[in-house]
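Report on the following structure.
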Amino acid sequence: PGVAGAPLPGIEIKILDNTGTECLDSRGLLSITKPWPSMLRGIWNDNQRYEDVYWSKFETYFAGDGAIIDQEKDICVIGRVDDVLNVAGHRIGTMEVESALVDHNSVAEAAVIGVKDDIKGEAIAAFVILKNNILESDKLRNELTQYVSNTISPIAKPKLLIFTPDLPKTRSSKIMRRILR
């Protein structure tokens, strides 16, 4: 679950770091380095915006998603890199927390949103889909929150962790965070 597969023939995709250097065996920014002709259509009546939004970060197409490519060249889109939470004055990317959760051997998919918190301003709420044959429990919930705390930082520990059988997604399989809120 969560793996998009390999790119279609003729399309090349690379995972880049913030400087545009290719990342091997680590997460980074999903970039299409060999586009196809229909990508050059632009935005209706605003071609400059199309260039500024999608082609300005690198000299390749970048839509704003983070991803990992595994050994079989399958792409796992982690999420938007511009989704940032402000937890007690610390900027934490939703992608970081979701990656930490999915890194745990019990988790198939995860989605993270910010929720209002009286003390921190914003806290982390995580929605988790467990792998087959893994049962929900308070022990596992505590283990997952501690795992995020150890992997990223105690600041990134989810305040709320909800086990769910499914996540709301668009037709292109992107998580609809507005529905989770």
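Taking a ≥ b ≥ c as the square roots of the eigenvalues of the alpha-carbon gyration tensor, the stretch 66-181 is classed rounded because a/c is under 1.5.
Between amide H atoms placed 1.01 Å from N, distances below 5 Å from T33 occur with E12, I13, K14, all of them 5 or more places distant or on a separate chain.
Determine the per residue accessible area of the chain with all protein chains present and a 1.4 angstrom probe, expressed in square angstrom.
62
Round to a whole angstrom and tell me the spacing of the C-alpha centers of the stretch 57-74 and the stretch 117-174. Rounded to whole Å, the Cα centres lie 24 Å apart. Each Lys and Arg Cβ is given +1 and each Asp and Glu Cβ -1; about its Cα centre, the chain then shows a dipole of about 500 debye. Each other residue within a Cβ distance under 14 Å of A100 adds +1 if Lys or Arg and -1 if Asp or Glu, for a net charge of -3. Here the extension length gained between S137 and L8 equals 42.4 nm, from 0.36 nm per residue of separation less the Cα-Cα distance. With helices as the sole contributors, the chain gives -5500 deg cm²/dmol at 222 nm; each DSSP H run of n ≥ 4 counts as -39500 (n - 2.57), and the sum is divided by every residue.
Between D17, D117, D52, find the one with the highest GNM mean-square fluctuation for the chain; connect C-alpha pairs within less than 10 Å. Its mean-square fluctuation being the largest, the pick is D52.
Using the Cβ-Cβ distance between A63 and R181 with R0 = 25 Å, the FRET efficiency computed as 1/(1 + (r/R0)^6) comes to roughly 0.65. Restricting the GluC sites (Glu not before Pro) of the stretch 68-100 to loop positions (DSSP other than H, G, I, E, B) with no more than 16 neighbouring Cβ atoms within 10 Å leaves E72. Annotation for the stretch 18-61: GluC sites (Glu not before Pro) lying in DSSP loop with at most 13 further Cβ atoms inside 10 Å of their Cβ are E59. In terms of its C-alpha gyration tensor, the stretch 1-96 comes out oblate, because a/c is 1.5 or above while a/b does not outweigh b/c.
Computed from Cα atoms, the angle from the helix 138-151 axis to the main principal axis of the chain rounds to 50 degrees. Taking amide hydrogens as placed 1.01 Å from N in the peptide plane, the amide H of A108 sits under 5 Å from those of I129, L130, K131, each at least 5 positions away in sequence or on another chain. For the stretch 78-130, a simple Cβ point-charge model (Lys and Arg +1, Asp and Glu -1, everything else neutral) yields a dipole of about 80 debye relative to the Cα centre. Share of carbon and sulfur in the accessible area of the stretch 58-181 stands at 49%, probe radius 1.4 Å.
Rounded to the nearest 20, the size of the Cβ-charge dipole of the stretch 131-181 about its Cα centre is 380 debye, with Lys and Arg at +1 and Asp and Glu at -1. Under 5 Å between amide hydrogens, built in the peptide plane, is the criterion, and for G79 it picks out G66 among residues at least 5 positions away or on other chains. With the simple spin-label model, which puts each label point 7 Å out from Cα in the Cβ direction, the D70 to K116 separation comes to 4.0 nm.
Modelled label positions at I152 and D82, each set 7 Å beyond Cα in the direction of Cβ, lie 2.0 nm from each other.
The values are calculated or read from the model by the stated rules, or taken from the named source; none is laboratory data. Just so we're clear, the structure is a prediction, and the values are computed from it rather than from any experiment. For neighbour counting, all protein chains shown are included, and Cβ atoms are generated from backbone atoms with ideal geometry for every residue, glycine included. When the accessible area is computed, the model is the full protein with side chains, heavy atoms only, and any ligands, DNA or RNA have been set aside. Shrake-Rupley method; radii C 1.70, N 1.55, O 1.52, S 1.80 Å.
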